[in-house]
Amino acid sequence: MEISAKMVKDLREKTGAGMMDCKKALQETDGDEKKAVNWLREKGISKAEKRSGRSAAEGTIGTYVHTNGKIGVIVEVNCETDFVAKNEKFQEFVKNISMQIAAASPICVRPEELPQESLEQEKEVYRKQAQAEGKPERVVEQIVEGRIGKYYKEVCLMEQPYIKDDSLTVKDLLNELIAVLGEKIVINRFQRMEVGET
């Protein structure tokens, strides 16, 4: 099937992906726009990995204050260029991440940021729980690893299910944005405040 310039333009407007990526996606999916969107999403993960070595020194600070005024979030999201930092999709992502942090209360961005000491304490608790449940010693470590994975999904922003679509993690959402905007994007840090918290 011949891919027209209009088809490429329409897909680009819908996804924000580069012209060549849009053309390739349409070629790979015989001009089916819905399939092309999915193709671009799937390719986003490998593109994100390729971009991970690049520098992301631009970006924006996003804020969110819950309607009751009792929860507030400040988050820094970085990208490579000022052009992308001003992009509507980038700005929307920052807003959504601020809301995610307010709703899901993560304590860090990535698992490797968790203090090793608190991680070891958590593992010890899970180990003792498994032993108290009478689990054989040979499966205790597997149980501990499984529960640590669940713990990451609770406390690490990147591992959390996305509040607006729990079939995606925040990491998936980020990789999709990287595929669409064509730049390295990093959630750098955040601060969540709740009235009455110490």
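Annotations for the structure displayed:
- Of the residues making up the range 63-115, those that are touching a residue at least 24 places away in the same chain (Cβ under 8 Å) and of a type in the set (S, T, N, Q) are Thr63, Asn78, Thr81, Asn87, Gln91, Asn96, Ser98, Gln100, Ser105.
- Residue match in the range 77-85 (condition: under 22 Å from Asp172 (Cβ atoms), modelled with pLDDT of 90 or more and part of a helix (DSSP H, G or I)): yes
- Taken over the range 1-40, residues that are assigned to a loop (DSSP other than H, G, I, E, B) and within 23 Å of the chain's Cα centre (by Cα) amount to 3.
- Near pairs, Cβ below 7 angstrom, 6+ apart or cross-chain, from the range 118-131 (among the basic types (Lys, Arg)) to any residue that is in a helix (DSSP H, G or I): Lys123/Val144; Lys123/Ile148; Arg127/Val140; Arg127/Val144
- The residues listed here are Glu92, Glu122; of these, the one that is surrounded by fewer than 16 Cβ atoms within 10 Å (Cβ to Cβ), out of contact with any Pro (no Cβ under 9 Å at 6 or more places or on another chain) and either outside the structural domain of Ile74 (by TED's automatic domain parsing) or in a helix (DSSP H, G or I) (or both) is Glu92.
- Filter result for Lys135 (surrounded by 14 or more Cβ atoms within 10 Å (Cβ to Cβ) and part of a loop (DSSP other than H, G, I, E, B)): yes
- Yes/no for Ile74 being modelled with pLDDT of 90 or more, within 17 Å of the chain's Cα centre (by Cα) and surrounded by fewer than 14 Cβ atoms within 10 Å (Cβ to Cβ): no
- The set of residues in the range 77-89 being acidic (Asp, Glu) and either surrounded by 18 or more Cβ atoms within 10 Å (Cβ to Cβ) or under 14 Å from Gly182 (Cβ atoms) (or both) consists of Glu80 alone.
- Figure legend. Inter-residue proximity from the range 176-190: first residues charged (D, E, K, R), second residues assigned to a helix (DSSP H, G or I), beta-carbon distance below 6 Å, spacing 6+ or different chains. Indicated pairs: Glu176/Arg41; Glu176/Gly44; Glu183/Val84; Lys184/Arg51.
The values are calculated or read from the model by the stated rules, or taken from the named source; none is laboratory data. Here the structure is a predicted model, which is why all the values come from computation and not from measurement. Because the Cβ atoms are built from the backbone with ideal geometry, glycine has one as well, and the counts that use them run over all protein chains shown.
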